Amino acid sequence: MDFFTNQNIIFYLLAYLVGSIPFGLILAKTFAGVDIKTQGSKSIGATNVLRVVKQTNPKLAKKLGVATVVLDALKGTIVLLIGLSLNLSYETLWAMAVLSVLGHCYSIYLGLEGGKGVATGLGVYIVLIPIPTLIGAIVWIVCAKVLKISSLSSLLGLIAVVISSVFINDGLNIGSNVPMYLIAFIILYKHIPNIVRLIKGEEKKVI
């Protein structure tokens, strides 16, 4: 079978290419005229969009921050929903999920640089393990309001998703939890600088 006409290969490429779209960078440049890759933490995620744009336009910063989270999540969700509608196997869907998060974290459009993968991880998890993801989202929101530290809240939410999924969706319909763990590992790996700052007590709060 020809490589580029194989349905699974097409969806793997689609998942990675769509996942690579840097919505935070695009929104900040288009609506606020700032390059978040050169300011703040230099990340393309919602937290840096909020932090950088807030310096000049607080109201716009909140809107762009929310839009970034939603779009980064949707770029993982939509491709998987299309795959579900075409009855792709769960093995294929989980591979697509991993590639979506890899795309966000190592975007082909940004020289394999990217964000931390939290929103895109949320987007793929909500399709494939919805109940654990909702539990994780609640933990994320509560921790964000109480702690006001984006990275710590995200990591606690991620841990909640993984732990609850082991009890609720063990095996992920494919007989293995490896893809879920792999996504979690990618997100944790991208947060290593944040984890170091948390240990040192230097991680900034989002107020």
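The values are calculated or read from the model by the stated rules, or taken from the named source; none is laboratory data. These figures come from a predicted structure and were not determined experimentally. Positions of Cβ are generated from backbone atoms using ideal geometry, with glycine treated the same way; all protein chains shown enter the neighbour counts. When the accessible area is computed, the model is the full protein with side chains, heavy atoms only, and any ligands, DNA or RNA have been set aside. Shrake-Rupley method; radii C 1.70, N 1.55, O 1.52, S 1.80 Å.
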Length gained when the stretch L147-L84 is fully extended (0.36 nm per residue, less Cα-Cα span): 19.0 nm
Sites V166 and L74 - FRET efficiency at Förster radius 35 Å, r taken between beta-carbons, to 0.05: 0.85
Farthest toward positive dipole pole in the chain [+1 Lys/Arg, -1 Asp/Glu at C-beta], among T68, A144, A95: A144
Difference of contour (0.36 nm per residue) and Cα-Cα distance, Y189 to N57: 44.4 nm
Cβ charges +1 (Lys, Arg) and -1 (Asp, Glu), total dipole of the chain, debye: 1140 debye
Pairwise centroid distance, computed over Cα atoms, of the stretch 158-195 with the stretch 58-116, Å: 16 Å
Accessible surface of the chain [probe 1.4 Å, protein heavy atoms]: carbon and sulfur percent: 69 percent
Heavy-atom accessible area per residue - the stretch 10-130, 1.4 Å, Å²: 43 Å²
